[in-house]
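*Asks:* Pasting in a structure now, in C-alpha cells, and then I'll have a few things to ask.
Each reported figure results from applying straightforward, stated rules to the coordinates on display, with no laboratory input. Everything numeric here is computed off the predicted structure, so don't read it as measured data. When we count neighbours, we look across all protein chains shown, and the Cβ atoms used for this are built from the backbone with ideal geometry, even at glycine.
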Protein chains: 2
Amino acid sequence: MSKFSEKYMQLAIDEAKKAFKIDEVPVGAVIVKEDKVIGRGYNTVIKNNSIIHHAEINAINEASEILGNYRLVNCQIYVTLEPCHMCAKAIVDTRLDYLFFGAREPKSGSIESVDKFLENKFLNHKVNYSGGHMELQSIEMLKKFFKSRRRSNNVHLSSSHIGQ
Amino acid sequence: MSKFSEKYMQLAIDEAKKAFKIDEVPVGAVIVKEDKVIGRGYNTVIKNNSIIHHAEINAINEASEILGNYRLVNCQIYVTLEPCHMCAKAIVDTRLDYLFFGAREPKSGSIESVDKFLENKFLNHKVNYSGGHMELQSIEMLKKFFKSRRRSNNVHLSSSHIGQ
C-alpha cells in the first residue's frame, strides 16, 4: 500500500500553476517511482491543440520516455483533479499502482463522481486510489481560473464545472 | 446521420497494416470531414514508448493539427477495432460526431463489449456509432499478428485477446 506524500501533491499543484499561467485549466500531475519524480505534466490542451494533452497524459508520456518503457510499474501518480475516463484508462494501461488525486470533478470525474471506473472487473490491472488530498488548494485555483474566464468571456460557467 | 463508407474503412485497414509491418498490434484509424481525410493513425505504442499512442489518438492528434482546433466538429472517425475507454473519451472530448468501427474487442471494447460508454448521460456530447464494419479483414489481421507473436514468443495468448 503506497502512502500519500504531501510533498508530491505540492509538486502536482506547482504543475497546475504552470497551466494557470498560460491560461489553461489548472490541473497538474507528477509520477513517482521509488521516491523520485520521474514525470511531470500540466494541462496543455490549447497550447498543443489537442484534447489528449491532459496533465496526466503529459506526465505519463514524460515518465515513459524517462524509463524507456510504456509500462510504469511500481509507480504512483499524483493529480490535482479527479481524472476523466481517458486518463483513468491510460493510468490502468501504464500499470501505475496508485492514484492520489485532489479535488473531485462532479461532471466528469471517473473515479468516484460519475463512475467508479477503476473498480471494473474487466480491467486487467488494479489501480488503488484515494482522493480529496489537499483539495482546497486545487479547488481555489480552479475557481479563480473560471472566475477570470467568466469575466473575460462574459459567459456563465457553473462553479461546479471544472471539466475541460 | 452520417453514412458508412467502405472507402474510409479500407483506408483505416491500410493504416492497421502499417502497424502490423512494424510489429505493433494492427489497429488503424482515419478521421473524415466533409468527405476528406484529415487525420490518419496507427498503433505506435512500442515505437513511441507510450500507451497513449493508440491509432485513434494518433489520428485525432493529426486532425487537430491540420484543422488548428482541438474540437473536430462534423467529423467522423473510422477505426478497425472497437475503441477502449481512453480512446472513447478522447472521441467524445474532440466532439467527433460519428464513430464507425470494425472488429469488436471482447476484453476491453468500451462501445458495445464491456461497456456502452457512449450512452452515458454524464457525457456532454453525443457520439453516434455503429460497429462490425468490414470486421473480417480486421480480425484476420489481428489473428495473424497474435499467431506470429505466439510463435516467436512461445507464449499462449488467447485468440480472443486482441487488446493492446
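*Asks:* Restricting the search to the stretch B:106-137, which residues are more than 13 Å from chain A (Cβ to nearest Cβ) and outside any loop (DSSP other than H, G, I, E, B)?
*Replies:* B:128, B:129, B:130, B:135, B:136, B:137, listed by residue number.
*Asks:* Right, next: If you go through the stretch A:36-56 one residue at a time, do you hit one that is without any contact (Cβ under 8 Å) to a residue 24 or more places away in the chain and of a type in the set (Gly, Ala, Ser)?
*Replies:* yes
*Asks:* With the checklist (1) within 20 Å of residue A:45 (Cβ to Cβ); (2) within 14 Å of chain B (Cβ to nearest Cβ) in hand, flag the one item residue A:146 doesn't pass.
*Replies:* That leaves (2) as the condition not met.
*Asks:* Looking only at helices (runs of 4 or more DSSP H) that fall completely inside the stretch B:1-105, which ones have 3 or more residues that are within 14 Å of another protein chain (Cβ to nearest Cβ)?
*Replies:* By residue number, B:55-67, B:85-93.
*Asks:* Select from the stretch B:62-73 the residues that are surrounded by fewer than 24 Cβ atoms within 10 Å (Cβ to Cβ) and either out of contact with any strand residue (DSSP E or B) (no Cβ under 6 Å at 6 or more places or on another chain) or of a type in the set (Gly, Ala, Ser) (or both) and list them in ascending order.
*Replies:* If the condition is that a residue be surrounded by fewer than 24 Cβ atoms within 10 Å (Cβ to Cβ) and either out of contact with any strand residue (DSSP E or B) (no Cβ under 6 Å at 6 or more places or on another chain) or of a type in the set (Gly, Ala, Ser) (or both), then B:65, B:67, B:68, B:69, B:70, B:71, B:73 are the ones that fit.
*Asks:* Write out, first by first residue and then by second, each pair whose Cβ atoms fall under 6 Å of each other, whose residues are 6+ apart or on separate chains, and whose first residue, in the stretch A:75-97, is β-branched (Val, Ile, Thr) while the second is surrounded by fewer than 24 Cβ atoms within 10 Å (Cβ to Cβ).
*Replies:* If the second residue must be surrounded by fewer than 24 Cβ atoms within 10 Å (Cβ to Cβ), the pairs left are A:80/A:13; A:91/A:127; A:92/A:123; A:92/A:125; A:92/A:127.
*Asks:* Scan the stretch B:36-60 for residues that are surrounded by fewer than 22 Cβ atoms within 10 Å (Cβ to Cβ) and either of a type outside the set (Val, Ile, Thr) or in contact with a strand residue (DSSP E or B) (Cβ under 9 Å, 6 or more places away or on another chain) (or both) and jot them down.
*Replies:* Matches in the stretch B:36-60: B:36, B:37, B:38, B:40, B:47, B:48, B:49.
*Asks:* Every residue in the stretch B:1-35 that is loosely packed, with under 15 Cβ neighbours inside 10 Å, without any contact (Cβ under 8 Å) to a residue 60 or more places away in the chain and more than 20 Å from residue B:67 (Cβ to Cβ), please.
*Replies:* Within the stretch B:1-35, B:3, B:7, B:14, B:21, B:22, B:23 meet the criteria.
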